[in-house]
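Take a look at the structure below.
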Amino acid sequence: MLSTDELETYVGLVRSSSEDIEKLMSGYKSSDGDAHAFFRETIVKKLWALSKIVGEHYLSALKVMADIEAEVTENPHPQTQTQLEQMTEVVGQCRVPSDSPSAEEVSEPSE
């Protein structure tokens, strides 16, 4: 399964991203006009980045589980492997538009 370091890194990334989104939401709720639109776009990009982190973790965990299940079962195509293939296909269909900068490239507005 995941090593302690891998799990701590994942939790740290999710926590950091979530905190960033919460801060941006505060700015979004108290702004209007161009600043409001900027916050909205930035929040959406951060949500896409967070969903990518969660999705990659989920797929890597499913892969480990599918490998273990294949080793301990006589079924040539274990259920977890099927789920992994289905989720990989779904993730492949849910790509962020290529013209969008990554969430890390977007900075908060200066005050």
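Placing a label point 7 Å from the Cα of LYS29 along the Cα-to-Cβ direction, the residues of the stretch 39-79 whose backbone N falls under 15 Å of that point are 40. Over the stretch 4-95, the reciprocal of the mean inverse Cα-Cα separation, the Kirkwood hydrodynamic radius, stands at 15.5 Å.
Each reported figure results from applying straightforward, stated rules to the coordinates on display, with no laboratory input. Because the structure is predicted, anything quoted here is derived from the model rather than measured. Here the Cβ is made from the backbone with ideal geometry for all residues, glycine too, and neighbour counts use every protein chain on show.
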